[in-house]
Every structure is written in C-alpha cells, then in structure tokens.
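Below: one structure, written as structure tokens.
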Amino acid sequence: MTASLIPTLPGHYYTDPAIFALEQARIFENMWFCAVRASDLPTPGTFRSVTVGRESILIVRGRDGGLRAFLNICRHRGARLCTTAAGEVKRAFQCPYHAWTYGLDGKLIAAPNLTKMPDIDRVEYGLVRVHLREWLGYAWVCLSDRPPSFEDEVMGAVTERLGALSAIDSYEIDTLQVGKRISYDVRANWKLIVENFMECYHCATIHPELTEVLPEFAGGYAAQYYVGHGAEFGADIKGFTVDGSEGLPKLPGVTDDQDRRYYAITIKPQVFINLVPDHIIWHRMYPVAEDRTIVECDWLYSTEVVASGRDVSRSVELFDRVNLQDFDACERCQPAMSSRAYANGGVLVPSEHHIGAFHEWVTTRLA
Ligand code: FES
Ligand code: FE
C-alpha cells in the first residue's frame, strides 16, 4: 500500500542550526547565488551589499561599466566596509575605521601615511574578489575558489526543465525592467519553500486564482513534472492576471508554442523563474536562519510597458496572492518540523516524487 509513498527528510533538517550552518558552507557558499538585478546598479559607483552564506558581499558597478563583487571587508583590520544594503560612492569606498580607501576595481588607492609604506602592494591589499557572472539580467556570485561550471549548474537547470536553453532566450529577460518588487519575510526554512515551489499537489487547495487561470494545475501535477511542458491557460482566460482579464502585449520573441502557457523553473539552490507570455516573475531566496528566509520577487516587464506607466497591478496581484498563499503554507509547516510527529519526516505522494530527488541532492551536498 505504501510503496508509492516515499519518505521526506526528517524534521530536524528544517530546525537544526548545525544543519543550516552546513548548508551555508556546502550549498550557498559553494554554488552560484543569484545576488542582484544588474539594473539595480545603473551607474559607476552604485553598489549593493548582499549576504551570501555567512559572508557579506559588495557588488559594485565600475568605471568601465562592468560589475564586480568583493568581500565586504576592509583588508586593514577587518571592519565591514559598507554597512548599508544599497548606495552610491563617487569613485572609491573609504573604510569608516582608519580610512583605507579602495577603488571601484577593489584596488587599495589610499590610506593615511600610505606613502610612508612604499612596499604595500595595492592589489594584494585590495578587496578580496568574488567570482561574478551576469546572465538574464542578474549578477550571480560564487564564493568558492573554484566555482562549479555556470553552464552546467545554472544554465543546465534551465535546459533540463525547458528541454533547450534557447527556449528562455525568447523572453529576452536581460532587456526587461523591474515593474514591481516585493520582499517577503518568510518564517520558514528555505527547503520548505523550494519543495513547495516544486509541487502542485497543493494548487487546488490553496491557489484558487491560479487554478482558475491554469486549470490543469487543479490536477496536482506541477508543470515542472514534464520536461518542456508549459501549463496552458484556460480557454476563457485572456491573460495571466488575478481575474483572468487581458494582460499586456506578449513579449516580442515569445513563440506561438510558448504563447498562453506558463513555465516554472527551479535553479538550485535559491532561484525560481516563472515565464508567461507578457512578463516574468523571478524569485530569489536569501536564507537568513534555519527558520527564516527572505524572498525577493521581481515582476519583469518590457521597457515599453514600464516606461508607459501601464497598469500592471492585476498581473502583479496574481502572483503576489500565490506567494502569500505558498509562504503561509510553509510557515504553517515550519513549527511542526520540531514535533515528534515529524521526527522521521513525512511522505511524498507520487506527484511529489521529484522532491525526493531534491532531498537526495541536499543530503549528498551535506555528506
Ligand atoms: Fe578599515 Fe582600519 S579596519 S581602515
Ligand atoms: Fe504554490
């Protein structure tokens, strides 16, 4: 009878600070981490500081127009260089402690009495560089000395889901603009949020608006279950909006096959991408503690739509509701993870079996 049910991770994987620390070290500090939207750093000197694993990372646009990432730590005595989440400097970062000063390329350019210390190598004592790649309009960073292949791990996840990497090119995501951004402070372990995103067994129960737009979701099989499959809009649905009313003009590159369909992609460990014909919904997770995750969600539209000030609220409202419904469910599970009822975990029904592969992936990374 129970042959079709496979076990989940035990409850302590979601509550134990030691496991969370191991995840920070082995997963978030070793893999490519989607840190910022490149357009959030529009001009030289604009910067963001982002927590990746247990490190603070400074991402800045240089005078040459390129993005660079550094550990946000002064090389003198280790003070945190930038203490704000975002800001802008003219041409350099100056440490608030003893005023060591670094160029936008990370090089040490000035320090009190530096001329009296001629053998200081300004590169060696510059900021510590972190690997950075730009793709689909986001800056992805990796703290590992030898980062895994971006092509295999990040682009590969898209290929695995859509069947071909070129399928995502149609949406020209790097050219789109942020029409809306909402940050959710979710009181749940990051894995509960990934697992929730991966399955649609819950769709009929908690997502009335979404199943109205995507009737096949009511059947419980997530679009992610089948390679290349996008869930089709219902016959009387005009657009991917909270009430199924007309959306925006479809993005110019979207093919006929992709029109009126929704595709969801998970890029482990912290990105979810949702593709619909007229916009993209892009989630980035920032795990803060074993029981807390910040999820930043961007709604991306064409430049024309954002520039014209067209009303996007009905499309925003659909996924905002979906997010709140999902995060509410995750928050309901989190406290139960420490119950004796969940000491050995729960079970996955057949339509959730691919979550089992995620659990295996987690335990392998932590082993
Ligand atoms: Fe930054 Fe001393 S710690 S200048
Ligand atoms: Fe959901």
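Every read-out reported here was derived from the displayed coordinates using simple, explicitly stated rules and does not represent laboratory data. Because the structure is a prediction, the values reported are computed rather than measured. All Cβ positions, glycine included, derive from the backbone under ideal geometry; neighbour counts span all protein chains shown.
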What does the extension gain come out to for GLU304 and SER338, with contour length at 0.36 nm per residue minus their alpha carbon separation? 7.3 nm
Phi-derived 3J(HN,Hα) across region 41-54 with the Karplus relation (6.51, -1.76, 1.60, θ = phi - 60°), rounded Hz, x for Gly and Pro, is 10, x, 10, x, x, 6, 9, 9, 10, 10, 8, 10, x, 9
Report the residues of region 27-57 in range of a label on GLU151: point 7 Å along Cα→C-beta, backbone N strictly under 20 Å from it. 31-33
Output the lone cysteines of the chain: those with no second cysteine's C-beta under 4.7 Å from their C-beta. CYS34, CYS82, CYS142, CYS297, CYS330, CYS333
Trypsin sites (Lys or Arg not before Pro) within region 29-106, DSSP loop, no more than 15 other Cβ atoms inside 10 Å: ARG54, ARG63, ARG77, LYS90, ARG91
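Going by how many other beta carbons lie within 10 Å of each one, how would you line up LYS116, LYS107, LYS250, LYS191, fewest first?
LYS116, LYS107, LYS250, LYS191
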Considering only C-alpha atoms, what is the centroid distance from region 223-298 to region 74-150, in Å? 36
Summing +1 for each Lys or Arg and -1 for each Asp or Glu, what net charge is found among the other residues whose Cβ lies under 14 Å from the Cβ of ILE6? -4
Lysines whose Cα lies under 23 Å from that of LYS116, excluding same-chain neighbours fewer than 8 positions away: LYS107
Work out, step by step, the length gained on full extension between VAL89 and ASP169: first 0.36 nm times the residue separation, then minus their alpha carbon distance; give nm to one decimal. 25.4 nm
Helices from the chain with mean Kyte-Doolittle at least -1.0 and a Cα length along the axis of 15 Å or more, per DSSP H: which? 313-333, 353-366
In this structure, the FRET efficiency calculated for GLU29 and ALA79 from their beta-carbon separation, with R0 = 22 Å, to the nearest 0.05, is 0.55
What number comes out for the charge environment of ARG284, summing +1 per Lys or Arg and -1 per Asp or Glu over other residues with Cβ under 11 Å away? 0
Proximal charge balance of THR159 [Cβ under 15 Å; K/R count +1, D/E count -1]: -3
